[in-house]
Amino acid sequence: ENGYLRRGQCMSDNGLIQKDRRHLIHSVLSWGEHERRGATILTSGDGVWLTDGDGNRLLDAFSGLWCVNIGYGQQSVVAAAAEQMARLPYATNYFHFASESAVELAARLAERAPGDLDHVFFTQGGSDAVDTAIRLIRYYFNVTGRPEKKHMIAVDRGYHGSSAAGSGITGLAVFHTHFDAPVATQHHIPTAWPYRFDGSDADLIAASVRHLRAKVAEIGPDRVAAFFAEPVVGSGGVIVPPDGWFRAMRDTCAELDIVFVADEVITGFGRTGPMFGSAYDGVAPDVMTLAKGLTSGYVPMGATLLSDRLYRAIVDASGKAVIGHGQTYSGHPVSAAVGLEVLRLYEEGGIIANGQASGAHLASALTALSDHPLVGDVRSRGLLACIELVTDKVAKTRPDPALGLPDALARCGFERRVLFRAFGDAMIGLAPPLISTIDEIDEMVARVKSTLDDMLAIPAIREAL
Ligand code: PMP
């Protein structure tokens with residue numbers, strides 16, 4: 001707490017902290033708490049390091065918000081953006097217009113995406129990519145003569161954005177409360193959470209399939225349009241399902257005539273190892289949503305990929321009707337030029353391969369934390385990891401919220417100069433940049449370990465153990 005206030009006082013020299021308090025609304029936090037604490041203003045970045053307004057160097061073990069996969073300061077990306085901006089800063093993709101970079105990026109994504117995901121609608125981020133999926137799935141069923149297929153299902157720890165429609169597909173309560181979400185056509189089933197399931201992996205997969213079938217039966221088999229899932233739950237606490245879970249859900253959806261949407265906003269672009277998280281289980285979804293790693297966060301961009309089957313059905317059924325879906329910045333040429341260069345760095349620059357090596361190292365480095373008195377579970381896939389804290393390892397007791405653990409973790413992590421995600425329910429999320437070296441991964445894990453040790457120095461937490 002003192003850390004925040006001290007930073008606030010220091011930064012207030014140039015007035016930014018006060019201006020932030022008065023004028024800038026932040027994402028996903030208590031507005032009142034923020035007025036009290038003030039912002040941490042980040043001013044520059046290089047590789048896996050960030051610098052704040054007070055000159056602190058912070059090790060970014062979360063890639064910004066799971067997006068800066070290529071790390072900060074990649075000058076070839078800056079050059080690609082500048083070149084495109086100087087030549088053609090904007091081109092609409094309304095009607096029959098396009099830009100070179102948008103066309104090229106769509107083609108390259110279609111080439112790399114699994115199955116027949118050949119058709120790309122660009123958005124500005126993940127939330128509107130999910131919204132685009134929702135709109136196009138509705139359109140598809142309406143235009144192909146099955147207008148009763150309106151209902152959508154997701155897992156209760158899933159995160160699918162905070163837009164008016166997508167926030168109800170999201171399962172997390174904080175995105176629902178006082179926002180009148182979910183609406184009546186949005187439903188949730190339990191998340192496949194190995195640590196919190198009593199049984200084998202096969203049992204857990206079978207339970208998920210049963211939950212999905214039961215929900216479909218409850219809604220009415222002809223009324224369910226789509227199932228949304230992340231290959232690994234991200235914002236809900238980096239929950240890694242058993243191998244084969246995604247495949248089983250996909251197959252069940254195919255059998256039940258439900259569109260299977262892979263939300264790969266986090267898992268896309270090497271985050272879990274392969275280029276796309278769906279590939280881990282050999283899954284070809286009907287629809288895929290992307291963002292974050294698509295441009296590595298250098299500029300905003302997301303995408304919704306449609307299978308040739310869905311796309312073709314829409315074309316055939318809609319004939320000459322105008323399909324009223326569009327955004328001023330869909331396929332923005334500067335974002336697309338950045339996307340092309342980022343994709344080149346992933347592949348020709350070896351960043352995906354580096355991420356795979358660093359991911360394997362992260363998994364082994366994290367096992368060293370399992371013995372820590374506060375650590376109940378350590379899980380990861382690639383460079384996506386979670387440390388779940390408990391106050392009783394045998395009973396797997398979640399820490400009492402009154403202990404304020406998430407807050408203490410964020411505060412002490414900052415003092416240790418490492419940035420991670422302190423989830424509300426006392427879990428530490430890690431998503432290091434894919435460029436991280438083995439030494440940098442070790443340094444991140446060492447600082448996280450120190451942060452965990454700091455927790456033991458807080459009397460109330462020590463006593464709760
Ligand atoms: N889907 C998933 C799986 C996400 O993780 C996120 C963002 N964390 C979104 C959708 C929404 O993306 P955005 O914040 O870019 O709107």
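Quick note: the coordinates plus some simple rules give every number you see, no bench work behind them. Keep in mind the model is a prediction, meaning the values are calculated, not measured. Glycine also receives a Cβ, built like all others from the backbone with ideal geometry; neighbour counts cover every protein chain displayed.
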ask   = Mind listing the phi-derived Karplus ³J(HN,Hα) values for segment 249-262, rounded to whole Hz, using 6.51, -1.76 and 1.60 with θ = phi - 60°, and x for any glycine or proline?
value = 5, 4, 5, 5, 5, 4, 5, 8, 6, 10, 5, 9, 9, 8
task = With both partners inside segment 76-347, how many of the DSSP beta bridges are antiparallel, as a percent to the nearest 5?
result = 40 percent
task = Between beta-carbons, use under 12 Å as the cut-off and find the net charge around residue 343, counting Lys and Arg +1, Asp and Glu -1.
result = -2
ask   = Sorted from fewest to most neighbouring beta carbons within 10 Å, what does the list 160, 188 look like?
value = 188, 160
message = What are the ³J(HN,Hα) couplings of segment 154-164, residue after residue, when phi is run through the Karplus curve with 6.51, -1.76, 1.60 and θ = phi - 60°? Round to Hz, x for glycine and proline.
response = 8, 8, 6, 10, x, 10, 9, x, 10, 6, 4
ask   = Summing Lys, Arg as +1 and Asp, Glu as -1, what charge do residues with Cβ under 12 Å from the Cβ of residue 67 carry, residue 67 excluded?
value = +1
task = Kindly put 351, 458 in sequence by how many other C-beta atoms sit within 10 Å of each C-beta, fewest to most.
result = 458, 351
note = Once the in-chain neighbours fewer than 8 apart are removed, the lysines whose Cα is under 24 Å from residue 396 read 449
ask   = What number of lysine-lysine pairs in segment 76-347 show an alpha-carbon separation below 25 angstrom, given a sequence spacing of 8 or more or placement on distinct chains?
value = 4
request  = Could you check the simple spin-label distance between residue 85 and residue 218, using points 7 Å along Cα→Cβ, in nm with one decimal?
outcome  = 5.0 nm
ask   = Where both residues lie in the chain, what percent of DSSP beta bridges are antiparallel, nearest 5?
value = 65 percent
Order by protection proxy (mean Cβ within 10 Å, highest first), peptides 218-230, 47-59, 77-89 = 218-230, 47-59, 77-89
task = Rank these for me by crowding, 177, 252, going from fewest to most other beta carbons within 10 Å.
result = 177, 252
inquiry  = Going Cα to Cα from residue 393, which aspartates and glutamates come in below 12 Å? Please leave out same-chain ones fewer than 8 positions away.
reply    = 371, 377
